[in-house]
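Just so you know, all these numbers are worked out from the coordinates, no wet-lab data involved. This structure is a prediction, so every number in the text was calculated from the model and none was measured. Glycine gets a Cβ as well: all are built from the backbone with ideal geometry, and neighbour counts include every protein chain shown.
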Amino acid sequence: MNRGVYTLALRALAPLVWLWMARRAKRAGGEWQIFSPERFGRIAPDPAPVPDARNGAPPVWVHAVSLGETRAAQPLLQALLDRGLPVLLTHITATGRAEGARLFADAIARGQLRQAWLPYDFPGATRRFLAARAPRCGILIEREIWPNLLAAARRQRVPMALVSARYSASSLRQAARLGSVMREALEGLGLVLAQTAQDADRLAQAGVRQPAVSGNLKFDLSLPEPQVQAGQAWRARLDRPVIALASTREGEDAPFIDALKRQAVQPGRPLFLLIPRHPQRFDEAAALLAQAGVGYVRRSSGQEPGPDTAVLLGDTLGEMAFYYAASDVAVVAGSFAPLGGQNLIEACAAGVPVIVGPHTFNFQQAASDAIEAGAAQRQPDPAQAVAAALALVADPARRQAAGEAARKWFSSHAGATARTMEALGPWLD
């Protein structure tokens, strides 16, 4: 497939994409602005001046598609801001944009960081976006490859980097099916920094010229200390073991709730934190708990769990550090259905032993390394994951050793941000 055919297919499928986005926006909430001028590469009038290409130094453009990528990019974005550079941060989803607004509220308020929607990958939209924003360079996080966007960047001489890149075997197969359009896009990247040697090898096979390995930006995250302290204080007041069922995805809540329902009601039994990954599923998880007859309270209600409460439903955003700091063990979900798994690194940063499921291809190397280091273990299904978590809670010495291993493993992988900033240096000076 060449880029012309790709563009025709994209235009033909656009109504279906917009319909999908509208349905997701209805379920998830938030301002998606599917047909806003920014989605088509046009800049809306500014409410206040900002230091972008129109009235100051050209910004460093960072694209973080959604929630996970925005959190992953946080250390790099902070390093750019600390260097005094203006930053343009783009997203595709409302959850990513909301998280960026939360993480960088101060930089937004002082005009150093500006948020925008990434335009749809139409030639005209991408051309207008780059002409209007005129970034000094573009930095894509993890795996955002858009052929027309990269072609427009080449024409307008905007150097482009893909950093903290991950590229699975399935991504390599998909690139092979797409043919020349994907190879042309990858060859146009001026810098590619992969998370692991395996990612770099697959990227090279797909067409990237000389990919390097810099590590995973997620290892440079800094947990917000107020949340950590609040979580630890909450756990001390609770005076019960706490097990987090974190970042559950579609199809996972029901089997976890079924496993919890089987637990005997007894004094001092663990409290489970059920934390759905996406906010549109908070009410669905609450309904499942009610149908199962499992006693629960919602975090958003402000109600403290009583001695008979089995589950605290984590229906808030931006509090994952609180939840992990309050936990004795963390079951990191998204890995018990074939969805690739969610980020286990944040739990390890909090010094919490981790349990994952069989499907961790989004964090393949990290999961394997954490298991080898004794920081994590793998279980085949939610019921056995709950049983393994309860076994750790019942064995304080083993739990403490696994938590210490998690903290050491996390610390040993730091440095990706510094390596990335060094590689980007010629573009930033």
(request) Counting helices only, and only those DSSP H runs with n ≥ 4, report the 222 nm mean residue ellipticity of the chain as the sum of -39,500 (n - 2.57) divided by its residues, in deg cm²/dmol to the nearest 500. (result) -14000 deg cm²/dmol
(message) Among 338, 353, 75, which one shows the highest mean-square fluctuation when the chain is modelled as a Gaussian network with alpha-carbon springs under 10 Å?
(response) 338
(request) Compute the Rg/Rh shape ratio of the stretch 225-412: radius of gyration over Kirkwood radius, all on alpha-carbon atoms. (result) 0.93
(request) Using only Cα atoms, tell me the angle between helix 169-178 and the longest principal axis of the chain; keep it within 0 to 90° and round to the nearest 10. (result) 30 degrees
(message) Place a point 7 Å from Cα of residue 43 in the direction of its Cβ. Which residues in the stretch 81-107 have their backbone N less than 18 Å from it?
(response) 85-91
(request) Go through 174-184, 217-227 and give me the packing order, highest mean Cβ count within 10 Å leading. (result) 217-227, 174-184
(request) Determine the relative contact order of the stretch 122-242: mean sequence separation of Cα pairs under 8 Å and six or more apart, normalised by residue count, in whole percent. (result) 21 percent
(message) For Cα pairs less than 8 Å apart in space and 6+ apart in sequence, what is the mean separation divided by the residue count of the stretch 225-412, i.e. the relative contact order in percent?
(response) 22 percent
(request) Treating cross-link reach as a plain straight distance, find the lysines whose alpha-carbon is under 19 Å from the alpha-carbon of residue 408, omitting any fewer than eight places away in the same chain. (result) 218
(message) Can you divide the C-alpha Rg of the chain by 2.2 N^0.38 Å and report the result to two decimal places?
(response) 1.01
(message) Helix 94-103 against the longest principal axis of the chain: what's the angle in degrees, Cα atoms only, rounded to the nearest 10?
(response) 80 degrees
(request) Using a 10 Å cut-off on Cβ atoms, rank the peptides 59-65, 98-104 from the highest mean neighbour count down. (result) 59-65, 98-104
(request) Express the relative contact order of the chain as a whole percentage, based on alpha carbon pairs under 8 Å and six or more residues apart in sequence. (result) 13 percent
(request) May I ask for the angle, rounded to the nearest 10°, between helix 396-412 and the longest principal axis of the chain, with both axes built from Cα atoms and the value confined to 0 to 90°? (result) 10 degrees
